[in-house]
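For reference, the structure is listed below as structure tokens.
The values are calculated or read from the model by the stated rules, or taken from the named source; none is laboratory data. Remember, it's a predicted structure, so these values are computed and weren't measured experimentally. Because the Cβ atoms are built from the backbone with ideal geometry, glycine has one as well, and the counts that use them run over all protein chains shown.
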Amino acid sequence: MEKEENQNSHSDSKEEIKENKDPKKTSKNKDLKPEDKIKELEDKLARAYAEIENQRRRFEKEKDDAFDYGGFSLARETLNLIDNLERSKLALESDENLKNSEALKKTVNHLNVIQKDMISILKKNNIEEIKSIDQKLDPNLHQAMMEVEDDNKEPGTIVQEIQKGFMMKDRLLRPSLVAVSKKINKKDENLKQDQKSEENQSKSNEN
């Protein structure tokens, strides 16, 4: 019995040795030649270096953006102050009690000075007004709010600026709100002429 057990244990150990020496069950790295291992390591190092370089570039871009556009939100809020100044001027100028008064002229002049100073400060910080009047509508810069019939202008030409737009360097701070021209509808024009002729005819009959 002891001999059989010894033989069995001896055979088991031999099988284990065979399994350990089985090339199918060893790792791929152990099967590689030294030069192949070196190539594999070089490839891993190259990929790791490329990833580090990409991260460095992303960091540099984020740092530059933070420096160039860090005041983006503040600049956009500042535009609301300029809009409020413009609304204040319009409200004062439309007040019947103040029209043609010296107080109105002085107040409007002061508001104009403040507005110009604010726009000058924006320009010093690379914030520029978007040109609109007589320009072709650019969806990247302008937002059309209405159409105005005008045969003297090419269709899509900006004829009125409702709200000024601004750029911060190469980024849109806010678009210009504009009105664009369109060709006069001949049917509508004929209807208007017919209505005018009817009105004139009725007036002449009354006389």
Name, by its number, the condition in (1) part of a strand (DSSP E or B); (2) in contact with a helix residue (DSSP H, G or I) (Cβ under 7 Å, 6 or more places away or on another chain) that does not hold for Val148. (2)
Hey, could you check the range 155-173 for residues that are in contact with a Leu (Cβ under 9 Å, 6 or more places away or on another chain) and part of a loop (DSSP other than H, G, I, E, B) and say which is modelled with the highest pLDDT? Gly165
Can you pull out every residue in the range 141-154 that is acidic (Asp, Glu) and either surrounded by 15 or more Cβ atoms within 10 Å (Cβ to Cβ) or modelled with pLDDT of 95 or more (or both)? Asp150
